[in-house]
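Undergrad: Have a look at the structure that comes next, please.
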Amino acid sequence: MVVKGAFRCNALKWLGLMLALAYDFLQQGSVFTTKFSLPSFLKQVNKLTKSQRKSIKRVGFGNLLHIPNHVLRRLQLNELMERWNSERQAFVFPPGEITITLLDVVLILGLRVVGEPVVVEEDAPLTSLEKEFGASVLNRTIGVESLKQRLESLGERDDESFVRTFLLYCFGTLLFPTANGKVDSRYLCLFQDLDNVSCFAWGAAVLEDLHHCLSQRKSKRTSFIGGCLLLLQVWCYEHIVMGRPKLLDCPSTFPRVCRWESSGRQYLTSSQFAIKFEELEHTQILWRLQPTSEELQVDIIRELTQERYSRTMMEQPVDVDSKAAIRMVPEEEDEEILRTPGTIMHPIDVASERPIRMVRAHREEEEEEEAILRSGPGTMKHPIDVASERASRMVPLHREEHLQEKSTIFVTSDDEESKVIEDLKKENIELKGIIEELRKENQVTKKRLEDENEELRKLVENQCSQSMLMERFVLNLERIVLEEEKD
């Protein structure tokens, strides 16, 4: 009886394990394959000593050492990747489109996104470092498995060789995984001086690589996907407010990948965590992340906000009088801005339908322009005095005798009606051409969607057949266990 009871207990455990494996099979089968391996990366992180962690932190990758384990939600990721639009570099949902930004990357992974660009030159000469790692002129790659063995042989060393090896292993398993399970040896060209490694915008490189992998998978219809899938999954948690795990109650929330509860099997098997992207509403999408006050104190986030501010200021128009840059405002503030000094509300009401030309009097050419305006051909002898609320442009004369509350402008009319009509005809022809191109593009898109729907239908049929086979397998397994219990 004891032996039979022990056998029954073991059989039930085995059945539970087989059911779990069967569920994983249904989750993973015909969805996608990847060399991304967060568990492999975390296994090496757990072996690091304090001095080794300091060495990794010194080159700008310290935040990755705090990442907890996450299980990939393959069905959700697969459906999300199907929403990717390669041309617009964004995910398209019914309420609108949204993409992964540099701010998302720095908040989620804690990698620098502002700095020197990460450029791997195709024709760069083979370096001694590459030779040291086993690369050659004909094969400039390094296997992830060989990097793992190299880390084991280095033990607790925290020198430059360890840092280079660990970073390459990080690239191959977490940040830049590829189909062949190898890492480009030319990254070592950027690791020659480790003091400069933190100057590169590694987060921007991770984002660019993920965009490329998503576009490649969509265009080639391949089952393999490269890139940092952890970034994609946590990005979905941050922006899609339904079907996501709970936030952890912990003091440290940066990087944000650390603040989400591990997406284990309880989330994979529960229907409340399923996301139907085709039914998403506008309020179920967080369109833009906002850094918290604590996050704004982080150097790599602060430098991004400062860089954006500087770039925005450089792109602003300049006030003609003050020569100072003015602030760009959203559309809802336009009405209020248009009431401020130096702006206008309505165009000039001119009786003539012919096009008019606006002539502004400059300070340094007052006398010359005054003579032109009084006697020049095609002009009027006297300026038109138009109230400021009806002016299409405010043009002060900057003369003491004309300083008034109203804005005085000079209007000259040119007989160019035929030219304008001709221009309008050309624009009409161009618009017709654009409409025809859009019609053709619409037909191509329709055909592509029909082909994709057919492929998806076949995929669903394949999944259903696999599910039926697995159900039969489970039933047979249960029958075997019941027969063993009877014996």
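Each value in this text was obtained by applying a stated rule to the coordinates, not by laboratory testing. Remember, predicted model here, so these are calculated numbers, not experimental data. Because the Cβ atoms are built from the backbone with ideal geometry, glycine has one as well, and the counts that use them run over all protein chains shown.
Undergrad: Arranged from highest to lowest average of other beta-carbon atoms within 10 Å per residue, in what order do the peptides 195-201, 47-53 appear? Walk me through the numbers before you get to the answer.
TA: Details: 195-201: 16.0, 47-53: 14.0.
By packing density, highest mean first, the sequence is 195-201, 47-53.
Undergrad: Check which residues have an amide H placed less than 5 Å from residue 33's amide H, if you skip close sequence neighbours.
TA: 224, 225
Undergrad: Express the relative contact order of the range 45-171 as a whole percentage, based on alpha carbon pairs under 8 Å and six or more residues apart in sequence. Intermediate values should be presented prior to the final figure.
TA: Details: 68 pairs, mean separation 30.3, N = 127.
This gives 24 percent for the range 45-171.
Undergrad: Using the beta-carbon distance between residue 132 and residue 66 and R0 = 30 Å, what value does 1/(1 + (r/R0)^6) give for FRET efficiency, to the nearest 0.05?
TA: Details: r = 30 Å, r/R0 = 1.01.
Result of the calculation: an efficiency of 0.50.
Undergrad: Also, I was wondering about something else. If we sort 55-62, 240-247 on the protection proxy, mean other Cβ atoms within 10 Å, highest first, what's the order? All intermediate terms of the calculation are to be shown ahead of the outcome.
TA: On the way: 55-62: 18.8, 240-247: 15.4.
Ranked from most to least packed, the peptides come out as 55-62, 240-247.
Undergrad: For residue 429 and residue 248, FRET efficiency with R0 = 56 Å and r from the beta-carbon atoms, rounded to 0.05?
TA: On the way: r = 61 Å, r/R0 = 1.09.
Plugging the Cβ-Cβ distance into 1/(1 + (r/R0)^6) gives 0.35.
Undergrad: Check residue 116: other-chain or 5+ apart residues with amide H under 5 Å from its amide H, H built from backbone geometry?
TA: Hits under the 5 Å cutoff: 200, 201.
Undergrad: First measure r as the distance between the Cβ atoms of residue 439 and residue 460, then evaluate 1/(1 + (r/R0)^6) with R0 = 41 Å and state the FRET efficiency to the nearest 0.05.
TA: Numbers: r = 32 Å, r/R0 = 0.77.
For R0 = 41 Å, the calculated efficiency reads 0.85.
Undergrad: Go through 432/458; 419/446; 218/276; 220/426; 47/218 and tell me which ones have a Cα-Cα distance over 30 Å in this structure.
TA: Numbers: 432/458 40 Å; 419/446 41 Å; 218/276 20 Å; 220/426 40 Å; 47/218 38 Å.
The answer is 432/458; 419/446; 220/426; 47/218.
Undergrad: Just order 291-300, 67-76, 162-171 by mean Cβ neighbour count inside 10 Å, highest at the front, would you? Please report the intermediate quantities before stating the final value.
TA: On the way: 291-300: 13.8, 67-76: 18.5, 162-171: 22.4.
In decreasing order of mean packing, 291-300, 67-76, 162-171 become 162-171, 67-76, 291-300.
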